[in-house]
Amino acid sequence: MEKAGVVRALRAIVGGPHVLTEGDLTAYEQDWRKRERGHALAVVRPANTREVAEVVKCCAAAGVSIVPQGGNTGMVVGSTPDASGTQVVLSLQRLNRVRVVDGANLTVTVEAGCILQTLQEACEAQGFLFPLSLAAEGSCTIGGNLATNAGGTQVVRYGNTRELCLGLEVVTAQGEIWDGLTGLRKDNTGYDLRHLFVGSEGTLGIITAATMKLYPLPVTQLTAFAAVPSLDAAVQLLGLAHKHLNAGLTGFEVMGDFALGLVRKHFPQQKVPFEGMSSYCVVLENSDQESEDHARQQLERLLEAALEQGCVLDAVVAENLAQARALWHIRESIPLAQAQEGLNIKHDISIAVSRIPSFVQEADAALQVAFPGVRLVNYGHLGDGNLHYNVQAPVDADAEVFLTTLEGPINTLVYALVDQYRGSISAEHGIGSLKRDKLAHHKSPVALGAMRAIKTALDPHNTLNPGRVLRRE
Ligand code: FAD
Ligand code: 2HG
Ligand code: ZN
């Protein structure tokens, strides 16, 4: 079918106004990091699961490939079309209802295009916590979170999106609908399809709804911001925090001094504590079901022990919610400050927590020898062993030229070291197209073979997000 025929057929399914072919489509065609700008045959915005299934059938019959898209906040160029003008962007934005908050079973069933923050607020309004939290929560969608198995800042206590997911509704590459929304916590009836679709980045099926776990709202949440003398000390502090706070430890983030310097530079209205005092700072959170006094006592005991052991130089504990938000806001502003500073190279890596300090020491030294002047923006979810070990061009270099010439060699150096440490080259952002060719080098042939077999079995005609995660065959 020629292009006009496909557009006509799609309009018949979702209605004319929801098939976009003209005007400014930047929000759908360019990735958040501005790494690539594609061109879509059309952007299609179905209203419900049935329409998604019809759109998929229509595209499959016409041999048109589909790029599923949620909030388009992904970090690895996975949700935008290629430059061919032949792919349909299937936006889930209109499937945005919270279907049911089921307090009796501590679950929420929600449609894929629901904005994460909207979901958090809907659950909170009914007295429940939906704990997934990331700086993009005002624009990313729960479907995108599931498709990337997003992490964020509460993983140390609640796990990543996969661990929060009890069931899915999915439209397959053939346009069939799989209803797996039972919400059961135990169901060992063969292969768990949910785990195939979570983290599959739109390559195996289109997630249209999900049933997720809920938790009771904590009685209180206290946030501390601490200057630590070294990364080693941050790891030592993490050990103490586990011991003193146990399940109360709901966040533990590390931030290098250069990363915090970018926040000071680009968001001068924010008050970032401890300037010039230390090479790293930590933000940590204690959630408690007892009382604010209890939580404060626990936190103070932890910080006293840490000061005594020399793994904290100084610390502040937020006095109220506004102060806590301001401290978290500093951490959450780092990716935005980095974007303001210019194009950069991201390494979203995970390594066993105890080995992170020696990894960073080796990587910092090797990068400065091989690429003098590079600026290292190191921060992340230390509680999960997940660093954003990012590289910014030297101060007077052209960032675009820097990336074109040095991204490959810099990635090779960093990822070789990640392999030596038996780490992962993608802790939470996924593979998309940016890391696809690296995956082929860093994943075992056995695992890659199994992944290809799964893709071929579920999507034999490569309709769904072709060329993402795995190379097109
Ligand atoms: P999109 O970007 O639209 O899509 C991401 C991938 O999922 C694409 O491959 C797309 O095809 C696929 N997809 C989207 N929706 C569906 C669906 N319904 N069915 C099937 N496939 C689908 N990530 C983290 O893990 N942790 C963080 O702390 C974090 N912080 C961030 C902070 C900022 C400021 C920004 C900009 C991003 C951050 N991210 C983080 C990355 C990003 O927000 C997450 O990957 C998020 O889960 C993507 O959701 P989205 O709705 O924007 O998905
Ligand atoms: C975060 O933790 C995000 O802030 C973004 O995962 C990381 O920009 C990055 O490198
Ligand atoms: Zn992150």
Per the Cauchy relation, a quarter of the hull surface: what is the mean projected area of the convex hull of the alpha carbons in region 72-164, in nm²?
6.5
Enumerate the whole-percent occupancy of each 5 Å bin, from 0 to the last occupied one, for all C-alpha pair distances of region 108-228.
2, 11, 20, 24, 19, 11, 6, 3, 2, 1, 0
Hey, what's the Kirkwood Rh for region 283-346 if you take every pair of different alpha carbons, in angstrom?
14.0
For the chain the mean separation of alpha carbon contacts under 8 Å (6+ apart) over residue count, i.e. relative contact order in percent, is 15
If each part is reduced to its alpha-carbon centroid, region 324-354 and region 116-162 end up apart, in Å, by 18
Most exposed first by the Cβ proxy, i.e. fewest other Cβ within 10 Å, how do D396, D232, D293 rank?
D396, D293, D232
As a Kirkwood estimate from alpha-carbon pairs, region 235-276 has a hydrodynamic radius in angstrom of 12.2
Taking only the alpha-carbon atoms of region 336-473, the convex hull volume per residue, in cubic angstrom, is 127
Cα centroid distance between region 242-315 and region 386-418, in Å?
29
Taking every pair of alpha-carbon atoms in the chain, give the share separated by more than 37 Å as a whole percent.
28
Sum -39500 (n - 2.57) across every DSSP H segment of at least 4 residues in the chain, then divide by the residue count to get the 222 nm mean residue ellipticity, nearest 500.
-11500 deg cm²/dmol
Contact order relative to length for region 1-63, counting C-alpha pairs under 8 Å separated by 6 or more residues, stands in percent at 40
Rg(Cα) of region 268-308 divided by 2.2 N^0.38 Å?
1.49
Could you work out the per residue convex hull volume over the alpha carbons of region 180-258, in cubic angstrom?
207
Using amide H atoms built in the peptide plane, which far-off residues or other-chain residues are under 5 Å from A209 H to H?
A112, E169
How long are the semi-axes of the equivalent ellipsoid of region 156-211, taking √(5λ) for every eigenvalue λ of the Cα gyration tensor, in whole Å from largest down?
19, 14, 10
Work out how much length V316 to K57 would gain on full extension: take 0.36 nm times their residue separation and subtract the Cα-Cα distance, in nm to one decimal.
87.6 nm
Region 217-346 - convex hull of the alpha-carbon atoms, volume per residue in Å³
108
Along each of its three principal axes, how wide is the spread of alpha-carbon positions in region 314-359, in whole angstrom units, largest first?
35, 31, 17
Label-point separation in nm, R472 to T182, each point 7 Å along Cα→Cβ:
3.9
At q = 0.16, 0.19, 0.21, 0.25 Å⁻¹, base-10 log of I(q)/I(0) for region 406-473 (Debye sum, equal scatterers on each alpha carbon)
-0.59, -0.80, -0.94, -1.19
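Since every read-out is calculated from the coordinates, none of them should be taken as a lab result. This structure is a prediction, so every number in the text was calculated from the model and none was measured. Quick reminder, even Gly has a Cβ in these numbers, built from the backbone with ideal geometry, and neighbours come from all protein chains shown.
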